[in-house]
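Student: The structure that follows is given in the form of structure tokens.
Every read-out reported here was derived from the displayed coordinates using simple, explicitly stated rules and does not represent laboratory data. What you see is a predicted model, and the numbers here were worked out from it, not measured in a lab. Heads up, the Cβs are rebuilt from the backbone with ideal geometry, glycines too, and the neighbour counts pull from every protein chain shown.
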Amino acid sequence: MNQSSVLTTQDVCSGYGTATVVRDISVDILTNEIVGIIGRNGVGKSTFVKTLIGLIRASNGKVTLFGNDITNLQPELIARKGVGYVPQGRGIFPGMTVNEHLLLGGYLQRDSKKRSKFNKLIFDLFPILHERRSQMAGSLSGGQQEMLAIGRALAGGPEILILDEPSEGVQPNIVGQIGEAILNFRKQLNLSIILIDQNASLISNTVDRAYAVEKGSVVAMLDSDAVRDEEKLSKVLSI
Amino acid sequence: MEIAPLIISLVYQALTAGAFLVLCSIGLMIVLGMMNIINLAHGEIMMIGAYVASLLVTEGLPFFLTLPFCFLVGVLVGLVIEFLFIRYLYSRILSALVLTWGLGLIIAQGALLIYGPFLPSIKIPFGSIEYGGFTYSIYQLFLIFVAALLVALIYFILQKTELGLKARATMQNPEIASTIGINRKKMFSITFAFGAGLAALAGGVLAPTTTIAPFMGTQFVAPAFITVVVGGATNIITGTLYSAGSLAAIRTPIGMYLGSFAGTVGLFFAALILIRLYPNGLASIRLFGRR
Ligand SMILES: Nc1ncnc2c1ncn2[C@@H]1O[C@H](COP(=O)(O)OP(=O)(O)OP(=O)(O)O)[C@@H](O)[C@H]1O
Ligand SMILES: [Mg+2]
């Protein structure tokens, strides 16, 4: 396998006001790889990925995408370069329909043929979205909103997709469905994926490896054997 | 007295009153509903529209050809105000309110200094027609048409165009909108400029019906705010339509029988009661199930 780097960070620090939350995180995500970022509540996982996509300023360090420096670019520019983001809490637009979300995501792709190809793929992955396509997103269930947020990000045709806690507030059987969908679209689209989650079975069923984060720093790298070991995972997730 | 002409006359007056409210409020509604900014310079931007119309008519341009210029000048004024001030005041409602109030004063005083207390008024185009003992101004019919057209156009832009979808997404969650490639600063400045353009256009089309003077904006601001508050800013189109419609429907019969002052008092009372009954605005009423 000859995998090259898609997204890399070097000693990234960031935080809120004067409080530093993320301390010197360096990660490397390769093509077609699903990488977990795991750790307890409040260790700075969301803050880290928000720094990657330009929502929070990096006070130090460097973020590169395909070797190009994207540190502290505006979020819309980073999105246009191919970084998709599914926020924690889903971040749907409550007063807009399912279809409008997919349209909005799709504007990142100028080619209308590609857009309809992606739309078809999204509806295949999540048939419920097709069924509910003219429903207001605010009236969808939590799991459906999560699928919509994933669909919206996929519609833009990203090179790398960042998912922040897709299992949060979602029924267990839907979590399984989302896990399958992740594996499925990784294969079909040759995507790289960063998956933050605290659900041990979702992590062990999907990721190739994972970074364990504590107090804003990476404290361990779990290889493919380690992430299959749910007991070990649970320890990292709940110490 | 026959009943049909009376009903037609009532409907005409209600539509006229409703069109006036729509024209006064639509720009304000967009800026408040989309951006949560209370633009107290709204009346002065309408005044600018009327000034553009009057000055260009004086230069010899036919009145109807001045209207695109009213809109464009409004857009430019909006872009400048947004660029210089408003963009630093998002999510600071009170600061924006004080700032736009001050700007309104400066614009009105500036107009007074530059152009004096009056500009030549614009002759009302078209004449009038008579039917069943009542007189109808053709220009008022035109205003009803313009108001309806603007509402339809805004509906189309917001619901059916890429720009409209992006603007609505930005209004609902600017941060998330930026993560799907939408330039939120650009959306905010386009939206503010569009609202200002609409206000100036409204000032332009209303110009022939009123005296063109530096402080003419004040006569539009009260009805504009009442319409916006009664309608609520959750849905621009339904809010404006329900609100302008119900206020006009209340005001018109009272005005017809008790005189226009009583009509205005009735309008204020109706507004008070509607705000009390629907504190989130009439747009929060769900008539058609979803939305
Ligand atoms: N907007 C904010 N302003 C100030 N501090 C914040 C803000 N958001 C998060 N924090 C703080 O930053 C730290 C890290 O938060 P973050 O959301 O990145 O953690 P997380 O690992 O994603 O947690 P969770 O698993 O609960 O989502 C926490 O201590 C949190 O209180
Ligand atoms: Mg988080």
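Student: So how compact is chain A: Cα radius of gyration and Dmax in angstrom?
Tutor: 17.0, 48
Student: How are the C-alpha pair distances of region B:3-284 spread across 5 Å bins, as whole percents from the shortest bin up?
Tutor: All Cα pairs, binned at 5 Å, distribute as 1, 6, 12, 16, 18, 17, 14, 9, 4, 2, 1, 0, 0 percent.
Student: Right, here's the next one. From the P(r) of the protein assembly as shown, can you give the percent of Cα pairs sitting at distances over 36 Å?
Tutor: 44
Student: Once a ≥ b ≥ c are taken as the square roots of the eigenvalues of the Cα gyration tensor of region B:211-287, is the result rounded (a/c under 1.5), prolate (a/b larger than b/c) or oblate (a/b not larger than b/c)?
Tutor: oblate
Student: Now for a different question. So for region A:37-81, taking the charge dipole from beta-carbon charges (+1 Lys/Arg, -1 Asp/Glu), which of A:S59, A:I70, A:I37 sits furthest toward the positive end?
Tutor: Of the options given, the answer is A:I37.
Student: If you take the Cα Rg of region B:91-235 and divide it by 2.2 N^0.38 Å, with N the number of residues, what do you get?
Tutor: 1.30
Student: At 7 Å along Cα-to-Cβ for each site, give me the label-to-label distance between B:N173 and A:F66 in nm.
Tutor: 2.8
Student: How large is the helix-only mean residue ellipticity at 222 nm for chain B, computed as the sum of -39500 (n - 2.57) over DSSP H runs with n ≥ 4, divided by its residue count, in deg cm²/dmol to the nearest 500?
Tutor: About -25000 deg cm²/dmol.
Student: Now, a different point. Residues of region A:212-235 with backbone nitrogen within less than 11 Å of a virtual label 7 Å along the Cα-to-Cβ line of A:R40, please, listed as ranges.
Tutor: Within reach of a label on A:R40, which here means backbone N under 11 Å from a point 7 Å along Cα→Cβ, region A:212-235 contributes A:214-215.
Student: Okay, moving on. What is the extension gain from B:T210 to B:L149, computed as 0.36 nm multiplied by their sequence separation minus the C-alpha to C-alpha distance, in nm to one decimal?
Tutor: 19.8 nm
Student: Something else now. In whole angstrom, how far apart do the alpha carbon centroids of region A:130-181 and region A:203-239 sit?
Tutor: 23
Student: Using alpha-carbon pairs under 8 Å, 6+ residues apart, how would you state the relative contact order of chain A in percent?
Tutor: Taking the mean separation of contacting Cα pairs over the length of chain A, I get 26 percent.
Student: Along the Cα→Cβ direction, 7 angstrom out, place labels at B:F118 and B:L163. What is the inter-label distance in nm?
Tutor: 3.9
Student: Along the positive direction of the dipole of the protein assembly as shown (beta-carbon charges: Lys, Arg +1; Asp, Glu -1; about the Cα centre), which of B:V11, B:P223, B:I81 reaches farthest?
Tutor: It is B:V11.
Student: Here's something else I'd like to know. Where nothing but the Cβ of Lys and Arg (+1) and of Asp and Glu (-1) is charged, how large is the charge dipole of region B:3-284 around its Cα centre, in debye to the nearest 20?
Tutor: Taking the Cα centre of region B:3-284 as origin, the dipole is about 540 debye.
Student: Have a look at the DSSP beta bridges in the protein assembly as shown and tell me what percent are antiparallel, nearest 5.
Tutor: Roughly 60 percent of the beta bridges in the protein assembly as shown run antiparallel, per DSSP.
Student: Normalised by the empirical 2.2 N^0.38 Å for globular proteins, what value does the Cα Rg of region A:106-239 take?
Tutor: 1.13
Student: Based on Cα positions only, what radius of gyration and what Dmax would you give for region B:36-146, in angstroms?
Tutor: Expressed in Å, the Cα Rg and Dmax of region B:36-146 come to 17.5, 57.
Student: Moving to a separate point now. Of A:G151, A:L104, A:P166, whose Cα points farthest to the positive end of the dipole of chain A (charges on the beta-carbon: +1 Lys, Arg; -1 Asp, Glu; origin at the Cα centre)?
Tutor: So the residue we want is A:L104.
Student: Something else about it: Any idea what the dipole of region A:15-162 comes to, in debye rounded to 20, about its Cα centre with Lys/Arg Cβ at +1 and Asp/Glu Cβ at -1?
Tutor: 220
Student: At a threshold of 8 angstrom on Cα-Cα distance, excluding pairs fewer than six apart, so keeping six or more, what relative contact order does region B:3-284 reach in percent?
Tutor: Reported relative contact order: 34 percent.
Student: Between A:K120 and A:Q171, what is the label-to-label distance in nm when each label sits 7 Å out along the Cα-to-Cβ direction?
Tutor: 3.0
Student: In the Gaussian network model of chain B, springs joining C-alpha atoms below 10 Å, which of B:L153, B:L28, B:L241 carries the largest mean-square fluctuation?
Tutor: Comparing B:L153, B:L28, B:L241 in the GNM, the peak value goes to B:L153.
Student: Suppose every Lys and Arg Cβ carries +1 and every Asp and Glu Cβ carries -1, with no other charges. What dipole size does the protein assembly as shown come out with about its Cα centre, to the nearest 20 debye?
Tutor: So the dipole magnitude of the protein assembly as shown works out to roughly 340 debye.
Student: I need the P(r) histogram for region B:131-215: all alpha carbon pairs, bin width 5 Å from 0 out to the longest distance, whole percents.
Tutor: The distribution over region B:131-215 is 3, 12, 16, 17, 13, 11, 10, 8, 5, 3, 1, 1, 0, given as percents.
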